[in-house]
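As structure tokens, the structure follows; a few thoughts come after it.
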Amino acid sequence: MIRIVHEATSEFAAERARLLARGTSDFEAVETSVRATLAEVRSAGDAALAALIEKFEARKPAVLFTRNFDGAGALDRLAPDLRDALHLAATRIARYHEHQVTQSFRYDDDGLELGMRVRPIARVGVYAPGGKARYPSSVLMSAIPAKVAGVPDIILATPAPNDVLLAAAHLSGVTGILDAGGAQAIAALAYGTQTVPKVDKIVGPGNRYVACAKRLVFGAVGIDGIAGPSEILVLCDETANPGWVAADLLSQAEHDEVAYPLCITTSGVIADRIAAEVDAQLAVLPRKDIATAAVSGNGVVFVVTSRDAMARLADEIGPEHLSIHAQRPDELFDQIGAAGAAFVGPDTPEAAGDYLAGPSHVLPTGGAVRYGSPLGVYDFIARTSYIAYDAHALGAHAPAIATLARAEGLEGHARATEIRGSDRPPSGDRRS
């Protein structure tokens, strides 16, 4: 049974405090094991990688890494409806992310040319989980933004990929596949092996071993973030359909036993009806055991007295997925700053965002939306500042530069600027 808590009660305060503290993931239970895995792969390369796959995944891949994965053939082997759905999803995801492309620029400021050069990251690793379920959608949602950004080499790490994953990789622009999962896959991507090329950045969700590994290799490579359990927060008023709200809650509860199915409502009557619907729908859900554990452990319906209170609490929680089943949903959305992806209006199921709408479903969790953003093209580019003075512009700025340098006690900085006024080469034109 999902818990119902009412505003101004001690239980409400306790549940609110518990949710605001989520995201402080404790990796102590796995960190020692993960550090050992990273060290083994870094030291022994392919041999360690193969041994760890056999140890943790109970299998022996015929080939650890390949660029000849026949994604086109895998796509052809799929049932027509699945093939068409993957094509449609890939098209829509690419179209959305094309709007995120950032251009290089330069401008002249009275003899000082300034700008920014934008380039794609050279090689990216995409992790796709292979535990409780396989997620070709995560391949599309992670790799296509990289492809749109212009990343020339996209390596997919996933254990024992099937035709659906290979087809998704083909449609996403993946250029190589590492047949491995867990911390051992992260290690191979981060450090490289005899056959696996070292990447510059690793993106994509995974279990706590993967998340811990990503945290530990950060610095050797870039990462998109540390993914925690899936979350959904549904906001609803007395006009909401309790069955639809319950279905949205369970769409995330079925991901993982520690997922967060959350709701805030202004109606106690609706809260009771949502709880009853959750129980009824759970009874016939194929992944009933997983969803029941999530509902029992983390499921909460908060009952508040006003829309303003609903928006304030939602903003405090900062959910990964925000779903709004209420009158004037855009008005409510505008009151909430922190949310990973918003599903605005009752006809917008969260599942549409997971598969087809367009924005990447790789989102910050655990309240990280306060400072984080959905995975996008901007995660796969690097920016370089461009600064080019001519003699006139430097002469105009030199006194202020030297003054600021000496205020910080950095005489060498001041002299490096002033020397250009007294010891100039025959041509002061930087373009000559």
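Solvent-accessible area of LYS60, probe 1.4 Å, all protein chains present, reported in Å² to the nearest ten, please.
The accessible area comes out at roughly 150 Å².
Per-residue HN-Hα couplings for region 383-394, Karplus 6.51 cos²θ - 1.76 cosθ + 1.60 at θ = phi - 60°, whole Hz, x for Gly and Pro?
Each residue of region 383-394 in turn: 10, 10, 6, 10, 9, 9, 8, 9, 4, 5, 5, 5 Hz.
On the accessible surface of the chain, probed at 1.4 Å, how many percent belong to carbon and sulfur atoms?
Taking all protein chains in place, the chain shows 53 percent carbon and sulfur surface.
Connecting C-alpha atoms closer than 10 Å in a GNM of the chain, tell me which of ALA146, ALA128, ALA382 has the biggest fluctuation.
ALA382
Determine the calculated [θ] at 222 nm for the chain from helices alone, applying -39500 (n - 2.57) to every DSSP H run no shorter than 4 residues and normalising by the residue count; nearest 500 deg cm²/dmol.
-14500 deg cm²/dmol
What percent does the relative contact order of the chain come to when contacts are Cα pairs within less than 8 Å and at least six residues apart? Each step should come with its number before you reach the end.
Details: 863 pairs, mean separation 86.4, N = 432.
Once normalised by length, the contact order is 20 percent.
At most 14 other C-beta atoms within 10 Å and a DSSP loop state: those are the exposed GluC sites (Glu not before Pro) I care about. Give me the longest piece of the chain that has none.
After excluding every exposed loop site, the longest remaining stretch is 1-237.
Percent relative contact order of region 1-122, based on C-alpha pairs within less than 8 angstrom and at least six residues apart?
Over region 1-122, the number comes to 8 percent.
Across every pair of different alpha-carbon atoms, what Kirkwood hydrodynamic radius in Å does region 1-142 reach?
Over region 1-142, the inverse of the mean reciprocal pair distance is 21.7 Å.
Would you mind checking which residues have amide H under 5 Å from GLY125's amide H? H placed 1.01 Å from N; only 5 or more apart, or other chain.
Residues meeting the criterion, in which the H sits 1.01 Å from N, are ILE155, ASP200, LYS201, ILE202, VAL203.
Roughly how many whole Å is it from the C-alpha centroid of region 171-191 to that of region 52-99?
13
From the C-alpha gyration tensor of region 88-160, pull out the three semi-axes of the equivalent ellipsoid (sqrt of 5λ each), sorted largest to smallest, in whole Å.
34, 14, 8
Suppose all protein chains stay in the model; what accessible area per residue would a 1.4 Å probe give for region 29-177, in Å²?
Spelled out: the 1.4 Å probe surface of region 29-177, per residue, equals 48 Å².
Under a straight-distance cross-link criterion of Cα-Cα below 13 Å, which aspartates and glutamates are reachable from LYS288, leaving out those fewer than 8 residues away in the same chain?
GLU254, ASP256, GLU257, ASP279
So what's the angle, to the nearest 10 degrees on a 0 to 90 scale, between helix 28-44 and the longest Cα principal axis of the chain?
With both axes taken from Cα atoms, the answer is about 50 degrees.
Per the Cauchy relation, a quarter of the hull surface: what is the mean projected area of the convex hull of the alpha carbons in region 127-235, in nm²?
Directional mean of the projected Cα hull area for region 127-235 stands at 7.5 nm².
Measuring from the lowest to the highest alpha carbon on each principal axis, how far does the chain reach, largest first, in angstroms?
Sorted largest first, the three principal extents are 85, 58, 44 Å.
The values are calculated or read from the model by the stated rules, or taken from the named source; none is laboratory data. Note that the coordinates shown come from a computational prediction; the quantities given were computed from them, not determined experimentally. Heads up, the Cβs are rebuilt from the backbone with ideal geometry, glycines too, and the neighbour counts pull from every protein chain shown. Accessible surface areas use protein heavy atoms only, side chains included; no ligands, DNA or RNA. Shrake-Rupley method; radii C 1.70, N 1.55, O 1.52, S 1.80 Å.
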